[in-house]
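Student: Before anything else, here's the structure in question.
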Amino acid sequence: MRSLFSRVLLSNWLFLIILLTTGLILYFVETQVATEFKFVLFVLYIIFSMLIAFHTSFRIATSVTEHLIVIEKKTMEINAGDFGTLLAASDIQELSDLASSINSMSRRLQMQFTDLNVEKEKFNSLLQNLREGVFAISLDKKILFQNQSIPETLMPANSQSRSIDDVIINKKLLGFLNDHIESSMDGKIGIDDSKHYYRVWFYSLKSNNQILMYIGVVSDKTDERETQMLREQFVQNASHELKTPITSIKGYAETLESKLRLSPDSVEKKFIQAILRNTDRMIRIVEDMLTISKLESQNSFFQPEKVNLYELVQNLKFTVDGFIKIKNQTFTADVPANIYLYADMILLEHLFLNLIQNASTYSSENQSIHLFAQCKDNTVIIQVVDQGIGISESHLDRIFERFYRVDTDRSRKGGGTGLGLSIVKHIVKLHSGWINVSSSQGEGTTFTINLPIDRKKAVS
């Protein structure tokens, strides 16, 4: 096996030797022939030289092009996904090395394609057997993929390559998908088809900040919703049933206190006061449980309207003074007069009262409580800041849980139910906002609330 360079070099040397040999022969023959035939010999020599040159060049070119044609055909087969036939080795070193490299590349690509197909089948099998329904939508609003868990009431089977306008059966879901594709936004929605309740999450799949497709996940929440409704119904019924005996106990205790006219230092007086104190606390717990139950149901309890935040806070000051002055605390509000938002005014009052009362409970006497508000990017940011005992970092993640207390003894002495911050979180969630808390022990606490100015645009 020779290289192309050595083959060309040897052929040129051989061609040169033939020409020299032929020239010497003609030189001796020329002396033996007549003068009129010398020109004929010269012409024959030129033709012979051209034939030899053409033959040599043709053989070299053919030996290269034949192998190049085979290589080109093989690369086209690889490009088409056919990796079956390997290239034969050439007697030219460079072409042999090229064929060997292409064969290695072909084997490697074949292995990679096989692995990709296996992984694709695994992934497809995984998606098809998920309990949740999964579907993918292209940028031109066509179904790219759907698994077998997609409910027939939302999308029929085998809807690939069809437009969502033609296959999405539920009009509410169709409108949700069109709106979020046009706005390139993620979101979620609840779909109720009278027999089942589905929750649909919608995401955009991006690469280098470019949207490649949209992914939807459908989860059947029927059992979970029924359980929640039973739980809410139980809480409502239990709360209503508890109100009557608790009110009766309080009434009897107040009657005893007024009729017996006991000495302030008597044991009986202390017992009656303990009964009254605990019945008041039970009444507040029942009322808070009913409030949370109504907030979770999200039915007619939520009645939004256009609210001027400045006026709401100013009216709230009169209510706040009732428990602020007991500890000689001060309450200040810094709210611009031009802040309006679409919200339930009664729920917002409840929210502010709970936060301010919570701040007062965990602040010492003569301390200040501040409320700030400002508009930013179509949202209202509200902060309630106190100078109280603060909250340690280990409690911050749990303070919005029901009945969770950071300082149990202090909460009980202050008459807290442990439901106030949970109610606050539900009210914020109902307004499509969010709330967080920042605090350090001994350095006060700041609650930050972010509410959309127009809740209707923020609801997914």
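Student: By how many nm would the segment from ASP179 to ASN328 grow when fully extended, if each residue of separation counts as 0.36 nm and the alpha-carbon distance is taken off?
Tutor: On the way: separation 149, 0.36 × 149 = 53.64 nm, distance 5.30 nm.
Gain in length upon complete extension: 48.3 nm.
Student: Can you give me the convex hull volume of the Cα atoms of the stretch 169-269, divided per residue and expressed in Å³? Mind showing how you got there, number by number?
Tutor: Working: hull volume 22.9 nm³, N = 101.
In the stretch 169-269, the Cα convex hull volume per residue is 226 Å³.
Student: How would you classify the stretch 107-158 from its alpha-carbon gyration tensor, with a ≥ b ≥ c the square roots of the eigenvalues: rounded for a/c under 1.5, else prolate if a/b is greater than b/c, otherwise oblate? Write out the running numbers ahead of the final one.
Tutor: Numbers: a/c = 4.17, a/b = 1.94, b/c = 2.15.
Because a/c hits 1.5 or more and a/b fails to exceed b/c, the stretch 107-158 counts as oblate.
Student: For the charge dipole of the chain, defined by +1 on Lys and Arg C-beta atoms and -1 on Asp and Glu C-beta atoms about the Cα centroid, which residue among PHE28, ILE246, VAL167 has the Cα displaced farthest towards the positive pole?
Tutor: Checked the options; the winner is ILE246.
Student: Same structure again: Which order do THR379, THR319, THR445 fall in if you start with the one that has the fewest other Cβ atoms within 10 Å?
Tutor: THR319, THR379, THR445
Student: Would you work out the Kirkwood radius for the stretch 4-114? I mean one over the mean of 1/r across all pairs of different Cα atoms, in Å. Display every interim value, and only then the final one.
Tutor: Values: mean 1/r = 0.0570 Å⁻¹.
Mean inverse Cα-Cα distance, inverted, gives 17.5 Å.
Student: Also, quick follow-up: Using the Kirkwood formula on the Cα atoms of the chain, what hydrodynamic radius do you get, in angstrom to one decimal? The partial results should precede the final answer.
Tutor: Values: mean 1/r = 0.0320 Å⁻¹.
So the Kirkwood estimate lands at 31.2 Å.
Student: Moving to a separate point now. I'd like the FRET efficiency for SER204 and GLU121, computed as 1/(1 + (r/R0)^6) with the beta carbon distance as r and R0 of 30 Å, rounded to 0.05.
Tutor: On the way: r = 26 Å, r/R0 = 0.87.
Once rounded, the FRET efficiency stands at 0.70.
Student: Can you spot the lysines whose alpha carbon is less than 22 Å from LYS221's alpha carbon? Ignore those fewer than 8 places along the same chain.
Tutor: Straight-distance partners of LYS221: LYS171, LYS172, LYS188, LYS195, LYS294, LYS429.
Student: May I pose another question? Could you work out how far helix 4-30 tilts from the main Cα principal axis of the chain, as a 0 to 90 degree angle to the nearest 10?
Tutor: With rounding to tens, the tilt is 10 degrees.
Student: Okay, moving on. How high is the FRET efficiency from ASN378 to VAL267, r the C-beta distance, R0 45 Å, rounded to 0.05?
Tutor: On the way: r = 61 Å, r/R0 = 1.36.
Working from the Cβ atoms, E equals 0.15.
Student: Continuing with the same structure: Find the centroid of the Cα atoms in the stretch 359-400 and in the stretch 127-203, then give the distance between the two in whole Å.
Tutor: 41
Student: A further question follows. Would the stretch 229-384 count as rounded, prolate or oblate if I go by the C-alpha gyration tensor, calling it rounded below 1.5 in a/c and otherwise prolate when a/b exceeds b/c, oblate otherwise?
Tutor: On the way: a/c = 3.19, a/b = 1.46, b/c = 2.18.
Here the stretch 229-384 falls in the oblate category.
Student: Tell me which of TYR197, LEU68, PHE271 sits at the most positive position along the dipole axis of the chain, charges placed on C-beta atoms (Lys, Arg +1; Asp, Glu -1).
Tutor: Comparing the listed Cα positions along the dipole, PHE271 ranks first.
Student: For the stretch 117-134, what does the Karplus curve 6.51 cos²θ - 1.76 cosθ + 1.60, with θ = phi - 60°, yield as ³J(HN,Hα) per residue in whole Hz, taken in order and with x for Gly and Pro?
Tutor: Taking θ as phi minus 60°, the curve returns 5, 5, 5, 5, 5, 4, 5, 5, 5, 4, 5, 5, 9, 5, 5, 7, x, 10 Hz for the stretch 117-134.
Read-outs: derived from the displayed coordinates by stated rules, not from any lab. As the structure is a computational prediction, the values presented were derived from the model and not from experiment. As a convention, Cβ positions derive from the backbone with ideal geometry for all residues, glycine included, and neighbour counts pool all protein chains shown.
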